[in-house]
Structures are given as C-alpha cells and as structure tokens.
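Structure first, commentary second.
Bear in mind these aren't lab numbers, they're just calculated from the coordinates by the rules spelled out. Just so it is clear, the structure is predicted and the values come from calculations on it, not from any experiment. Because the Cβ atoms are built from the backbone with ideal geometry, glycine has one as well, and the counts that use them run over all protein chains shown.
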Amino acid sequence: MITIETAAPTTAIAADIVREYMADVAARWYQRPATDDELSQALQDEPYGDLQGSTGALLVAVEGGRPVGCVGVRFLDSVAELTKVFTVPSHRGRGIGSQLLHAAEQVCRQRSMSTVRLDTRAALAEACAMYERNGYERVAPFNDEPYSDRWYSKTFAAGVR
C-alpha cells in the first residue's frame, strides 16, 4: 500500500528519494548514468531545503517503509510551483505520480494557492502526458531554467477546496 507523507527536507527519507530523483534526471540528461561528481553538482544546483513550513512542502510516496516517489511544492504568493515530481522506475505505471500530484494540489488548495505551475522537459514524455491528463495546460515560459523546454500551469476554480 502506498502512503503519501510530508517529509522535512533534512530527513533520511527525503534525502534518499531526492538523490534517487536527481540520479534519474541526470542520467536522462547525460544519456548515461551520472558520475558521483555530476550527481553532487546537480544536488547543489537544485536545493530543496525551502520545501517546508511557510515556503513549501515535500511529499513522499512510501511503500513498505521505502520511498518510491516525491513531489515538492514551493509557495510563491498565490502561485505554487511543483518541483522534483518523481516515481522510482520500478513503480512507474501504477498511478503513483498522479497520487502525488493530487496530494500536492490539495496542499496548494489548503494554502489558498490559485495556480500551480511547473517546468519540465519534453524528453520526460511520461511526465508530460501525466500533467496533461490531470488538467495542466502548456503555457509560455515563466522562468529561464536551462534544462526545461516545457512549462505547464493549472488554475483552481474559485472556492474549490
């Protein structure tokens, strides 16, 4: 059974899943397994310590005590930005990504966010398809993230919790 838990970025479970996420993303980028130095640099380039408290949240999908997915939410005024949306390869295709997405959206609604947005890459075709299935629409770039070539947004209906 999969449970979705909020995790402080400093916990071992958060560090484990974020490291696995970064290894997967870096391997896709380099089209080969990332070296330890590349992985360390990627972790340094993509800090996530703010995904807690008033500035954000880090949600982790757990099965049998092991992290199998994650999503980060950054709160920016009335807009939330999703980051580190990930499911471990062995658990893909089971709807865990959508469960994480829905849990993140619920956190956003509880924080009165009106819009959720994210950036990604077309090469992450499974993720792009999931966002579109869940009502996210492609939008113009809202940042200059060098690794992104697709931007998505979803606006919540007024008063919907």
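The figures follow:
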{"read-out": "Integer Hz, Karplus 6.51/-1.76/1.60 couplings in order for segment 87-101, x for Gly and Pro", "value": "10, 4, x, 5, 10, 6, x, 10, x, 5, x, 5, 4, 5, 4"}
{"read-out": "Residue order, fewest to most surrounding Cβ atoms within 10 angstrom, among S78, S54", "value": "S54, S78"}
{"read-out": "Estimated FRET transfer efficiency (T11, T55; beta-carbon r; R0 25 Å; 0.05)", "value": "0.90"}
{"read-out": "Fewest-first sequence of M22, M1 by Cβ atoms within 10 Å of each Cβ", "value": "M1, M22"}
{"read-out": "Per principal axis, descending, Cα span of segment 10-161 in whole Å", "value": "46, 34, 29"}
{"read-out": "Centre separation in Å (Cα based) which lies between segment 1-69 and segment 104-161", "value": "19"}
{"read-out": "Exposure proxy order (Cβ contacts within 10 Å, fewest to most) of C128, C108, C70", "value": "C128, C108, C70"}
{"read-out": "Unit charges on C-beta of K, R, D, E only; dipole of segment 1-63, Debye", "value": "100"}
